[in-house]
1. Can you tell which of Ala140, Ala170 is open to solvent by 10 Å² or more (accessible area, probe 1.4 Å) and in a helix (DSSP H, G or I)?
2. In the range 36-52, what count of residues is obtained for those that are open to solvent by 40 Å² or more (accessible area, probe 1.4 Å), in contact (Cβ under 8 Å) with a residue 40 or more places away in the chain and over 29 Å from the mean Cα position of the chain (by Cα)?
3. Do the conditions hold for Asp337, that is, is it over 23 Å from the mean Cα position of the chain (by Cα) and more than 27 Å from Ala260 (Cα to Cα)?
4. In the range 266-305, how many are open to solvent by less than 10 Å² (accessible area, probe 1.4 Å), touching a Pro at 6+ places or on another chain (Cβ under 9 Å) and either touching a residue at least 60 places away in the same chain (Cβ under 8 Å) or hydroxyl-bearing (Ser, Thr, Tyr) (or both)?
5. Which one is surrounded by the most Cβ atoms within 10 Å (Cβ to Cβ), of the residues in the range 401-424 that are of a type in the set (Val, Ile, Thr) and out of contact with any strand residue (DSSP E or B) (no Cβ under 9 Å at 6 or more places or on another chain)?
6. Could you count how many residues in the range 4-30 are of a type in the set (S, T, N, Q) and either surrounded by fewer than 17 Cβ atoms within 10 Å (Cβ to Cβ) or modelled with pLDDT under 95 (or both)?
7. Considering the range 455-473 alone, what residues qualify as being crowded, with 20+ Cβ neighbours inside 10 Å, touching a residue at least 24 places away in the same chain (Cβ under 8 Å) and assigned to a helix (DSSP H, G or I)?
8. Output the residue which, of all residues in the range 256-265 that are part of a helix (DSSP H, G or I) and open to solvent by less than 40 Å² (accessible area, probe 1.4 Å), is nearest to Ala307 (Cα to Cα).
Amino acid sequence: MRTAYSVETVRTAERALMARLPDGALMQRAAAGLAAACADLLGRVYGRRVVLLVGSGDNGGDALYAGARLARRGAGVAAVLLSPDRAHPGGLAALRRAGGTVARPGGTAEDLVARADLVVDGIVGIGGKGGLRPDAEALARAARASRAAVVAVDLPSGVEADTGEVRGAAVRADLTVTFGTHKPGLLIDPAREYAGTVRLVDIGLELPPEAELEALQHADVARLLPLPAAESDKYRRGVVGVAAGSARYPGAAVLAVSGALRGGAGAVRYVGPAGDAVIARFPETLVSDRGPREAGRVQAWVVGPGAGDDAATVAEVVETDVPVLIDADGLRLADRDAVRARTAPTLMTPHAGEAAALLGAAREEVEAARLEAVRKLALRYGATVLLKGSTTLVADAGGGAVRVNATGTPWLATAGSGDVLSGLAGSLLASGLPALDAGSAAAYLHGLAGRYAADGAPAGAHDVAAAVPAAWRDVCG
């Protein structure tokens, strides 16, 4: 599992470690890791042109010391000092001793960047807020326009470490070398797009057990997924009810059922007006037209995909005492007080536009501050919230670490893909997983399935559902 910690937590851990180490030793650890990553990216160091963009903080010091190491290996290293009077004195002296040169922002500096093989972004540290200043922005723009590889020190300058927000101009890196732990902004869009590949350098920080963010990996998901035992039958494995679809949107019901059938539950009950379409495609489905109360026993419900204006069915499902997943039209139709009053787990799965409507905000606000939005929604509804997107976030109403998932592909942005995810997550709920785990595991499998289904070309939601077993086998193999 990858974890990310807040700036405050990282700085507390750094202070504790520095108190036990000789003066400057922690920066040297970071610089050594940064220099090694730069050398790996360059392939051959001798004769290469390296430009350091150096601000006034410790990130600038890291860049200077790393530049000195590269200069000693034969690279031509020039440091552009954005705050010459506040550049790290020890790092600057080390660079000069190693044969490095110094420049200031302006035409000459931009020419250096244009001719560089590698540009190291040490402009702003993890405490930076807002976009880059104009002189730094000009250098970032020159680096972007050059043929140089761009390496960010700890975090691309101009993105916010704790939130993943980008409030102005920022450096776009090919590689980010981060120290001690990931920062939330490296895992959450839109900042994640600026980070490129992320390389974590262990510098010996001792961090608390609970992180700000968690990113599950194969082994973590494999431990969560339900596996039938020898004595299992379809009822012991869990039965998921799907209340979805309408005369206008029968396909939503079919796709939600397709996800549910591949999610590990032993049986799927379908309730709604699309029964004929569902049974024609999936004859193993238990179909009922008598409403959720009369459908038979289930261990979890999925409600909302393609529901249109059927508020009565949504309300009936919300009143049940089993875990419920609410998606799509159900998010609009569900009464907030009724959701908050539930005693069984609730999992809500909005995309950014639906989240914006529930929060009374603009979609752009949600997309710019996704971590804040998912936490706010979870608190407002007293529910676990899965905020869909290129990096899906899952937040629990009780707080704790937010789960982040990035297994998907842009090809998943297709009609019906979310319906498949809802059925898949609902099936995992019915098998007994807590809402946070069900949402996280479903998002992970759904993202992998999207990659397999697309394989570099367009794919439909039904293709994604069909690829879930391959994703499951990959995770558990």
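The values are calculated or read from the model by the stated rules, or taken from the named source; none is laboratory data. Since the model is a prediction, treat every value here as computed from it, not as a measurement. Counting neighbours? That spans all protein chains shown, and the Cβs are built from the backbone with ideal geometry, glycine included. Surface areas here come from the heavy atoms of the whole protein model, side chains and all, with no ligands, DNA or RNA. Shrake-Rupley method; radii C 1.70, N 1.55, O 1.52, S 1.80 Å.
1. Working: Ala170 fails: in a helix (DSSP H, G or I).
Only one candidate passes the filter, namely Ala140.
2. The number of residues fulfilling the criteria is 2.
3. On the way: over 23 Å from the mean Cα position of the chain (by Cα): yes; more than 27 Å from Ala260 (Cα to Cα): yes.
When the stated conditions are applied, Asp337 passes them.
4. The number of residues fulfilling the criteria is 3.
5. The residue in question is Val420.
6. Total satisfying the criteria: 1.
7. Residues satisfying the conditions are Ala461, Val464, Ala465, Val468, Ala471, Trp472.
8. Keep residues of the range 256-265 that are part of a helix (DSSP H, G or I), which gives 256-261.
If we keep only those that are open to solvent by less than 40 Å² (accessible area, probe 1.4 Å) as well, we get 256-260.
On the way: Ala256: 12, Val257: 14, Ser258: 17, Gly259: 17, Ala260: 17 Å.
Looking at the filtered set, the residue picked out is Ala256.
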